[in-house]
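Each remark here refers to the structure printed beneath this line.
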Amino acid sequence: MIPALAIILVFQLVGEVATRGLGLVLPGPVLGLMLLVLSCALRPALAQMLRPVVAGILGHLSLFFVPAGVGVVAHLGQFRSDGLAVALALTVSTALAIAAGALVFRAVLRWTGGSEE
Amino acid sequence: MTDAALIWSYLTQGPLLWLTATLIAYWLGDSFFRAMGRQSWANPVLCAVILLACVLGLTGTSYQTYFEGAQFVHFMLGPATVALGMPLYDNLHRVKRAALPLVAALVAGSVTAVVSALAIGKAFGLSEVMLASLAPKSTTAPVAIGIAEGLGGEPTITAVLVLVTGIFGAIIATPLLNALGIRDWRARGFSLGVAAHGIGTARAFQVNETAGAFAGIGMGLNAVLTSVIAPLTLRLFG
């Protein structure tokens with residue numbers, strides 16, 4: 001467990017240092033994500049080693065979101081004044097994004113001659 | 001009475017109390033979610049946040065004090081983002097087989113999510129900080145917070161907007177996709193993962209295994225793409 005956790009933290013650390021050092025727009029952990037995929041593709045044994053710890057972390061993905069979510073308490077005022085605009089932007093754009101993604105997938109799948117699954 | 005006051009003042013000085021409270025609140029929220037038959041409206045994060053907000057309000061605790069304890073949980077967002085690479089790696093062969101439709105759907109969903117949210121927000125006169133916090137709302141929480149911080153947004157506002165986006169997406173996905181006549185499980189899952197990240201992915205897994213796997217891929221890929229699209233789009237609307 002500790003070696004796997006250490007490796008995940010190293011991916012994040014390298015990601016943070018590289019994005020800051022190179023002035024990239026990517027957040028460090030996203031670069032860490034790409035490094036993990038690349039490393040596992042190069043060394044499949046690494047994936048086997050990381051898998052149990054990754055399963056543990058991803059199984060509780062929503063927990064890590066709670067502290068930031070509680071921050072709404074500190075920002076209630078801003079939501080009161082912007083509530084309607086924010087709600088409209090969120091709901092309309094989320095529905096549009098789901099529809100756009102699914103429709104474009106189907107259109108391109110048919111265009112390239114792929115079969116539905 | 002003095003003893004109780006002494007104990008309370010000890011507890012408010014260390015991280016133990018609010019770290020414990022965060023885990024218990026999430027535990028209760030998750031139990032409630034299961035008891036309600038995993039309905040998307042009974043989201044465990046939302047339940048935990050409401051519970052903790054009530055406790056903070058009742059005890060007169062500031063968010064800063066709370067966060068000193070909760071920061072250990074918050075820290076895990078970074079490693080969790082790295083860990084999201086694993087489902088992507090596990091499904092690389094299926095992704096390659098449907099590469100073109102997936103790339104097209106990713107770009108369409110991701111651009112639509114960012115541009116339409118900013119266009120509506122701008123039309124209603126939202127502030128720069130609010131727009132920056134809104135831009136990455138379809139991305140998974142740890143990444144959205146990172147993007148918002150980089151754009152000058154408010155991470156805590158982003159966290160709430162991401163949560164609401166996920167719950168809303170999870171609720172409307174099935175009726176919306178049925179109305180559009182989309183039957184391909186890859187298309188259904190992937191578009192939901194792109195638009196509504198982890199909460200959408202959890203919802204997709206409840207409906208269909210293939211939809212769930214592709215929702216996870218959509219979430220991971222959109223995390224990368226939004227990091228690039230959000231700053232560019234925000235500059236257009238700025």
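Read-outs throughout are calculated quantities, based only on the coordinates presented, and are distinct from any laboratory measurement. Note that the coordinates shown come from a computational prediction; the quantities given were computed from them, not determined experimentally. Using ideal geometry, Cβ is built from the backbone for each residue, glycine included, and neighbour counts are taken over all protein chains shown.
The table below gives the values:
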| item | result |
| --- | --- |
| 10 Å Cβ neighbours from other chains, averaged over peptide B:52-64 | 2 |
| Per-residue Cβ neighbour rank within 10 angstrom, fewest leading, B:Arg186, B:Arg235 | B:Arg235, B:Arg186 |
| Residues B:Met86, B:Met36, A:Met1, B:Met219, sorted so that the one with the fewest Cβ neighbours within 10 Å comes first | A:Met1, B:Met36, B:Met86, B:Met219 |
| From the C-alpha gyration tensor of chain B, square roots of 5λ in Å | 34, 22, 16 |
| Virtual spin-label span in nm between B:Cys54 and A:Trp111, 7 Å along Cα→Cβ | 5.1 |
| Cβ neighbours within 10 Å from other chains - mean over B:157-170 | 5 |
| Residues of segment B:74-96 with amide N under 19 Å of the 7 Å Cα→Cβ point at A:Ser39 | B:76-92 |
| Peptides ranked, highest mean first, by Cβ atoms within 10 Å: ranges A:104-110, B:49-55 | A:104-110, B:49-55 |
| B:Ser62, B:Ser116, B:Ser227, A:Ser115 arranged by Cβ crowding within 10 Å, fewest neighbours leading | A:Ser115, B:Ser62, B:Ser116, B:Ser227 |
| Highest to lowest packing among B:153-162, B:123-132, scored as the average C-beta count within 10 Å | B:153-162, B:123-132 |
| Global geometry of chain A, whether rounded, prolate or oblate, following the gyration tensor of its Cα atoms and the 1.5 cut on a/c | oblate |
| For B:210-220, mean number of other protein chain Cβ atoms within 10 Å | 1 |
| Additional length obtainable on full extension of the chain from B:Ile24 to B:Ala4, 0.36 nm per residue less Cα span | 5.0 nm |
| Three principal axis lengths of segment B:20-82 [C-alpha, angstrom, descending] | 36, 35, 17 |
| Label-to-label distance, nm, for residues given as A:Ala18 and B:Phe32 (7 Å Cα→Cβ offset) | 4.1 |
| Within the protein assembly as shown, helix-based [θ] at 222 nm, where runs of 4 or more DSSP H residues each add -39,500 (n - 2.57), nearest 500 | -27000 deg cm²/dmol |
